[in-house]
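Written out below as structure tokens is the structure these notes cover.
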Amino acid sequence: MKLTFDLADDFANQLDDKDVLSDFRKQFYFSGDNTIYLDGNSLGRLPLKTKTLLAKAIEKQWGNDLIESWNKNWYTKSEELGNKIAKIIGASIGEVIVSDSTSVNLYKLAKAALKLQTGKTRIVSDVFNFPTDLYILQGIIQECGNNYELILARQKDEISIDLDDLKSKITEKTALVVLSLVAFKSAFLYNAEEITNWAHQKGALVLWDLSHAAGAVPIELNKTNADLAVGCTYKYLNGGPGSPAFLYVRKDLHEKLTSPIQGWFGEENPFEFGLNYRPASGIRKFLTGTPPVLNLLAVETGLDLLIEAGIKNLYEKSKRQSEYFIFLTMKILSKHGFEIGSPLDPLQRGSHISLKHPEAYRICQSLIHPKNGTVKIIPDFREPDNIRFGFTPLYTTFEEIRQTTARLKIIMETREYESFGSERNSVT
Ligand SMILES: Cc1ncc(COP(=O)(O)O)c(C=O)c1O
């Protein structure tokens, strides 16, 4: 159904009044300075319950119970959280586990997949993939004596991948296809079923990076017969800075794949302390070593909130918010040189919108460092000219979106951005 919007200021409040998810905002920590935070696609906000959960975990589990907490609370947490993530990404119990970083999980699953795919020498990815994914694949190829070629599908334009080119590159020689379901810059969203079916016809396995997709768009790993996936928990899942990542392996592949990092947490019985590694059965075999326990515990509340809100509701709101932002941008910002750097079709888009502008970096700085009394707005910047605005339906309001476009209009009209330099911070 085509959504219709209005330029009137109070229209945003009307949308907020009708929002069935509006109460979830109260579950998050706000510092009281009215900052508008549109970077939940990089680091999600802090759920209030996580504050109390961590305080209790430090005091009771670490402080009082010490090592006993491993048996009481910690040892099975990676699987328990994996089972909650499974509900969010359409997987089954026992197919997902929380472990390591996305980069390390990608390494483990990509290498395991290549070992299984004997005789095939091609890995396919695309030019929009997040650099760490490509770096990890390049490293694996070097480790394997340069016996694989990494081929990247080209872009159709600055927003979308050329799907014909991608498909033509996935041939019978292809061992593995590694793609981000949602592209980190433009938010371009693949049709997972179409790509998986195509790859399977050619005998290739597919490894999805769900970092920008989990908790943002509906994902049906089981229904689309997905092979492998990884993703982080600190973006839309609100797990906190540096929270451990997750990995998914379809059940029938558990026996066939082995982890290339044979750490003791992935061993059949780590506390036998045997001298020879025997992989655990099931998803635990993809664990490595001791997890960062406090970060691991912090992941739980965000997952509970997402499950309670329901991915369908979240996605509906995300689409409405993105469409509202696009509507306002086209009406009031196009004349200031902004272009939409994300797909206009909501079915081909994740939950963030990139605006392109030659002065993107300085405009982004103006939003983040306003003059006294003006609302502070936090999006992020991605080279060379993208300002990314992340819409996190659990806590973003329509009024915040309206205020953001209004503020951008003022920044452009007053040329406020000209008082900022172009020298980049370490983290942009
Ligand atoms: C798509 C994608 N993959 C991987 C990563 C990096 O993950 P990690 O730092 O957990 O290894 C990111 C980080 O933003 C990302 O956006």
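The values are calculated or read from the model by the stated rules, or taken from the named source; none is laboratory data. The shown structure was predicted, so the numbers you read here are calculated from the model rather than taken from an experiment. Glycine also receives a Cβ, built like all others from the backbone with ideal geometry; neighbour counts cover every protein chain displayed. The protein model used for the area step is the full one, side chains on, heavy atoms only, and it has no ligands, DNA or RNA in it. Shrake-Rupley method; radii C 1.70, N 1.55, O 1.52, S 1.80 Å.
Just to be sure before I move on: is residue 346 in contact with a strand residue (DSSP E or B) (Cβ under 7 Å, 6 or more places away or on another chain) and either without any contact (Cβ under 8 Å) to a residue 40 or more places away in the chain or surrounded by 17 or more Cβ atoms within 10 Å (Cβ to Cβ) (or both) in the structure I sent?
When the stated conditions are applied, residue 346 does not pass them.
Could you check residue 233 against (1) within 16 Å of the ligand (Cβ to nearest atom); (2) over 30 Å from residue 37 (Cα atoms); (3) of a type in the set (Val, Ile, Thr) and say which number it fails?
Every condition holds for residue 233 apart from (2).
Name every residue in region 172-213 that is under 13 Å from the mean Cα position of the chain (by Cα) and farther than 17 Å from residue 152 by Cβ, in order of residue number.
182, 187, 189, 210, 211, 212, 213
Which ones in region 174-191 are more than 21 Å from residue 138 (Cα to Cα), open to solvent by less than 20 Å² (accessible area, probe 1.4 Å) and either of a type in the set (S, T, N, Q) or free of Cβ contacts under 8 Å to residues at least 24 places away in the same chain (or both)?
Hit for region 174-191 is 186, nothing else.
Would you mind telling me which numbered condition in (1) in a helix (DSSP H, G or I); (2) under 23 Å from residue 249 (Cβ atoms) residue 142 fails?
In the conditions (1) in a helix (DSSP H, G or I); (2) under 23 Å from residue 249 (Cβ atoms), residue 142 misses (2) alone.
Would you mention how many residues in region 22-35 are surrounded by fewer than 19 Cβ atoms within 10 Å (Cβ to Cβ) and either touching a strand residue (DSSP E or B) at 6+ places or on another chain (Cβ under 8 Å) or not small (Gly, Ala, Ser) (or both)? Steps first, please.
Pass one, region 22-35, residues surrounded by fewer than 19 Cβ atoms within 10 Å (Cβ to Cβ): 22-23, 25-26, 29-35.
Still in the list and also either touching a strand residue (DSSP E or B) at 6+ places or on another chain (Cβ under 8 Å) or not small (Gly, Ala, Ser) (or both): 23, 25-26, 29-30, 33-35.
Result for region 22-35: 8.
Could you grab me the full set of residues in region 281-315 that are closer than 24 Å to residue 404 by Cβ and either open to solvent by less than 50 Å² (accessible area, probe 1.4 Å) or free of Cβ contacts under 8 Å to residues at least 60 places away in the same chain (or both)?
Answer for region 281-315, where residues must be closer than 24 Å to residue 404 by Cβ and either open to solvent by less than 50 Å² (accessible area, probe 1.4 Å) or free of Cβ contacts under 8 Å to residues at least 60 places away in the same chain (or both): 302, 305, 306, 309, 314, 315.
What are the pairs, 6+ residues apart or on separate chains, where a residue within region 192-216 that is of a type in the set (Val, Ile, Thr) and away from the ligand (no atom under 16 Å from the Cβ) has its Cβ under 6 Å from a residue that is outside any loop (DSSP other than H, G, I, E, B) and open to solvent by less than 10 Å² (accessible area, probe 1.4 Å)?
If the second residue must be outside any loop (DSSP other than H, G, I, E, B) and open to solvent by less than 10 Å² (accessible area, probe 1.4 Å), the pairs left are 196/206.
Taking the residues in region 95-151 that are open to solvent by 40 Å² or more (accessible area, probe 1.4 Å), under 18 Å from residue 266 (Cβ atoms) and not hydrophobic (A, V, I, L, M, F, W, C) as candidates, determine which candidate is nearest to the ligand (Cβ to nearest atom).
Only one residue fits best here, namely 101.
Does residue 224 fit the bill of being within 12 Å of the ligand (Cβ to nearest atom) and either surrounded by fewer than 24 Cβ atoms within 10 Å (Cβ to Cβ) or farther than 23 Å from residue 120 by Cα (or both)?
On the way: within 12 Å of the ligand (Cβ to nearest atom): no; either surrounded by fewer than 24 Cβ atoms within 10 Å (Cβ to Cβ) or farther than 23 Å from residue 120 by Cα (or both): yes.
Answer is no for this residue.
Please work out which residue is most open to solvent (accessible area, probe 1.4 Å), limiting yourself to region 75-85 and to residues that are over 10 Å from residue 283 (Cβ atoms) and under 19 Å from the mean Cα position of the chain (by Cα).
Filtering region 75-85 down to residues over 10 Å from residue 283 (Cβ atoms) leaves 75-77, 80-81, 84-85.
Now narrow it down to the ones that are under 19 Å from the mean Cα position of the chain (by Cα): 81, 84-85.
Numbers: 81: 0, 84: 48, 85: 1 Å².
That would be 84.
Would region 242-259 turn up any residue that is in contact with a Gly (Cβ under 8 Å, 6 or more places away or on another chain), open to solvent by 30 Å² or more (accessible area, probe 1.4 Å), within 16 Å of the ligand (Cβ to nearest atom) and at pLDDT 95 or above?
no
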